[in-house]
Amino acid sequence: MHIGILGTGNVAQTLGRRWSAAGHQITYGSRDPASAGDLGAPVISSADAVTGSEVGDEESLYQVEVTKADGSQVDVQLDENFIVVGSKTDGPGADNEPDGPGN
């Protein structure tokens, strides 16, 4: 499983190390990736990671589009309590849907 962690602090690093040791792929999101140091996994800018969002998406109440370090995108569907109810991964450059208003 590929897991994205927002932040590079002590808690994020502990989670990342444990999940990585359990065989998961980790990507960190940071406000300042250059200052994160070597975490043993890719660190990308949080601002660059979330590339779109929608309210009232056809599949859920909220949708967040996340671009991974390899350029592929994941659409994550959330319910009214922000619980993940689904996701879909597109390969690099596969998103040809226009972003909604305010995105």
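Counting beta carbons within 10 Å around each of Val64, Val74 and listing the fewest first gives the order Val74, Val64. Amide H contacts of Ile26 (H built 1.01 Å from N, in plane; Pro and chain starts excluded): Ile3 sit under 5 Å, all sequence-distant by 5 or more or on other chains. Under a no-solvent Debye model with one identical scatterer per Cα of the chain, what's log10 I(q)/I(0) at q = 0.14, 0.17, 0.20 Å⁻¹? These q points yield log10 I(q)/I(0) values of -0.58, -0.84, -1.08.
Values quoted throughout were computed directly from the atomic coordinates according to the rules given, and no laboratory measurement underlies them. Every value quoted in this text rests on a predicted model; they were computed, and no experiment measured them. Positions of Cβ are generated from backbone atoms using ideal geometry, with glycine treated the same way; all protein chains shown enter the neighbour counts.
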